[in-house]
1. Please name all residue pairs, on different chains or six or more residues apart, with Cβ atoms under 9 Å, provided the first residue is in the range 45-70 and is of a type outside the set (Asp, Glu) and the second residue is in a loop (DSSP other than H, G, I, E, B).
2. If the requirement is being in contact (Cβ under 8 Å) with a residue 12 or more places away in the chain and over 19 Å from residue 49 (Cα atoms), which of these qualifies: 103, 92?
3. Go through the range 1-30 residue by residue and tally those that are closer than 30 Å to residue 106 by Cβ, in contact (Cβ under 8 Å) with a residue 60 or more places away in the chain and open to solvent by 50 Å² or more (accessible area, probe 1.4 Å).
4. Suppose we keep only residues that are of a type in the set (A, V, I, L, M) and part of a loop (DSSP other than H, G, I, E, B) within the range 213-270. Which one would you say is nearest to residue 350 (Cα to Cα)?
5. Checking residue 243 against (1) open to solvent by less than 50 Å² (accessible area, probe 1.4 Å); (2) modelled with pLDDT of 95 or more; (3) under 22 Å from residue 143 (Cβ atoms), which single condition isn't satisfied?
6. Applying the selection to the range 302-336, what residues are of a type in the set (D, E, K, R), open to solvent by 10 Å² or more (accessible area, probe 1.4 Å) and more than 16 Å from the ligand (Cβ to nearest atom)?
7. Against the definition (among the aliphatic types (A, V, I, L, M), within 16 Å of the ligand (Cβ to nearest atom), in contact with a strand residue (DSSP E or B) (Cβ under 6 Å, 6 or more places away or on another chain) and at negative phi), how does residue 228 come out, yes or no?
8. Within the range 124-167, track down each residue that is more than 25 Å from residue 216 (Cα to Cα), without any contact (Cβ under 8 Å) to a residue 24 or more places away in the chain and over 33 Å from the mean Cα position of the chain (by Cα).
Amino acid sequence: MSEEKRQVEKIRKAFEQEFGRFSDLNLENLSLDEAENLQRELGELKTKHTGKKSELAVSKKLIGRVAPEERGAFGQFVQSIEKEITTVIEEAENNLKNFIANAKIERERFDVTLPGTRPREGHLHLLTILRQKIEDIFVAMGYSIEDDREIETDYYNFDALNIPAGHPARESQDTFYTTNGFALRSQTSTVQIRAMERRGVPIRIIAPGRVFRRDTPDLTHTPMFHQIEGLCVDKNITMAHLKGTVGEWLRRLFGKETRIRLRPSYFPFTEPSAEFDFSCFKCGGTGTFENERCRPCKGSGWIELGGSGMVHPNVLRACNVDPQVYSGFAFGFGLERMCSLMYSLDDIRLMFENDVRFLEQFK
Ligand SMILES: [Zn+2]
């Protein structure tokens, strides 16, 4: 073998040694990153062994130095080596390229048939649902909704509502006191005073909100509950307006056949005062439902709902409204009581225990 041929043989050996790790590459255990690194290294190897400055390229100049009779054979030899090198590199390149392309597709693929994680859907609390229904009815009747503070002074919770210190009504409305003369409001009637002070009269509002009493929790009592208070003050407002308004609201909530009745009563902030009842939504006022004593009305046909009356002149005076010119009515009732009647709940504490199994029944 001529000296030139040996030199080319050496070049091939050097290539084979470096290329060794690519010749029987086990692609199966490669990560995408590893494959991409190998692809880059293979590119560098290709430039080194087949590029313009490669030893192989340089060796082609040897062709001219070989004796003329051997020149043809030697030329073919160099070419065959070159072809051999470029073929194995190309093959390895293609394998890596295909592997990388597939790995990328695999990485971006997601299985549309896998079950998704369904978000747990929430819904409004049953008290909120009922409150909003009632609010909608009153807004449609021209009332606006008032909200105010839950921590009050003695003045707004009692004095301005014609319940002076020592009045027995203070006892039945005993609430929670803070150390610096404030108390949690025991009724939403406080909003009447604040709204009249702020807006003046005439006024038509309802005030839904939380109230507090020092009661021991039992089937029908909780120390925190909700009231909705209504107030209408204008010239020439009479008891007839009260009856008409309360009746219309309950008819819109429970149906056209609903009747109401007023029973004389006493509240310090209204005079005259009346409790209002409405004909039972379940038995229609007959007292029997499916041949049995009707539950919500206890067989009486009537459901007691709340208190009402004509706003006491002292309350109007406390808000700088002249009782000689203006008159008005007010009413209030407990939302929990109404809710437990409507949904036949035996225990109002259920509404505050946050047991989802209970709450989910009322959407
Ligand atoms: Zn009934």
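1. Within 9 Å, the pairs are 47/53; 47/54; 48/54; 57/51; 66/2; 67/2.
2. Working: 92 fails: over 19 Å from residue 49 (Cα atoms).
From the options 103, 92, the qualifying one is 103.
3. Taking the range 1-30 and keeping what is closer than 30 Å to residue 106 by Cβ, we get 19-30.
Checking which are in contact (Cβ under 8 Å) with a residue 60 or more places away in the chain leaves us with 19, 22-23, 25, 27, 30.
With open to solvent by 50 Å² or more (accessible area, probe 1.4 Å) added as a condition, the list becomes 23, 25.
So the answer is 2.
4. My answer is 219.
5. (1)
6. The initial filter retains those residues of the range 302-336 that are of a type in the set (D, E, K, R), namely 304, 317, 322, 336.
Next cut, open to solvent by 10 Å² or more (accessible area, probe 1.4 Å) only: 304, 317, 322.
Scanning the range 302-336 gives 317, 322.
7. It is false that residue 228 is among the aliphatic types (A, V, I, L, M), within 16 Å of the ligand (Cβ to nearest atom), in contact with a strand residue (DSSP E or B) (Cβ under 6 Å, 6 or more places away or on another chain) and at negative phi.
8. 155, 164
The values are calculated or read from the model by the stated rules, or taken from the named source; none is laboratory data. These numbers were taken from a predicted model, which means no experiment stands behind them. No Cβ is skipped: glycine too gets one built from the backbone with ideal geometry, and neighbour counts run over all protein chains shown. The area values use the complete protein model at the heavy-atom level, side chains included, leaving out ligands, DNA and RNA. Shrake-Rupley method; radii C 1.70, N 1.55, O 1.52, S 1.80 Å.
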